[in-house]
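So the structure is just underneath, and the comments pick up after that.
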Amino acid sequence: MLEIYWQILELNILDKKILILLPIWKREKITQICLENLRELKKEIDLNVLCIVSESWAKIAAFTYGFKYVSAPNECLGTKMNIGVREAMKYKFDYLMNLGSDDIITSSLFKLYEPYFDDNLKMFGCTRLTFIDSEEKVAKTFDYKVLIGAGRCIRRDLIEELLERGEMYDNNIECGFDANSMRKFSRHSHTEIANDYNMIYDIKSDINIWNYKELPGEIIPFETAMEGLGTKQIDAILDL
């Protein structure tokens, strides 16, 4: 118990404000798991969440969880993301973090990130994801060996500079957001961080750009994958 207290205390002394940009579309039950997780993390870490919403239920969910939101049509996902980025710049933050509404990040990720925040690095993030099949209750993990979008942190001044020249995403794209935006920041260095499997999770359903079976990865026991999550999160995933 004392160890947990000190871990929380250490996380609370992070001196960077983080704004998580969270586009939402369908997958209501999975999104609720994501939002609940972020609300719990907010108790430990100086973060806020900006939801990009296209449906009434998503707007209500963002409001219910105490998060900011901006409405954007879902017809063109690149445009939707750019609306979110422009709205994000109205708020105070040091780093913008990318996340999907089917992603779960854990407090251990922020502990891993702490020295990178302290060094005020331009852009950094992890390389490994753990995928969870919400229907079959199976899991696999994969190290892409490159910076992934989930959990990617970008310093505010880089985004300000970019927006003076154009948009963070091409307006006409429907997928490949991470690679597309990385090209816009090609003049800047970025740091890739090796991470454990239990820091970033991606919960897959039948409504995804990429479904579980199409994704690469090493199969791991479902109970092993769940080790990084809390009881409430596990129960919610089992109920999907």
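None of the figures in this text is laboratory data; all of them are computed from the coordinates on show. Here the structure is a predicted model, which is why all the values come from computation and not from measurement. Using ideal geometry, Cβ is built from the backbone for each residue, glycine included, and neighbour counts are taken over all protein chains shown.
Results, tabulated for the structure shown:
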{"item": "Subset of 26/80; 29/111; 43/140; 59/80 violating a 22 Å alpha-carbon distance limit", "result": "29/111; 43/140"}
{"item": "Among 230-237, 109-116, the order from most to least packed when residues are scored by Cβ within 10 Å on average", "result": "109-116, 230-237"}
{"item": "Neighbour-count order for 41, 77, fewest beta carbons within 10 angstrom listed first", "result": "41, 77"}
{"item": "Packing rank of 46-53, 185-192, 164-171, where each peptide gets the mean count of other beta carbons within 10 Å, highest leading", "result": "46-53, 164-171, 185-192"}
{"item": "Which of 226, 182, 199 has the fewest Cβ neighbours within 10 Å, and the rest in rising order", "result": "182, 226, 199"}
{"item": "Long-range Cα-Cα pairs in the chain (distance over 21 Å), rounded percent", "result": "56"}
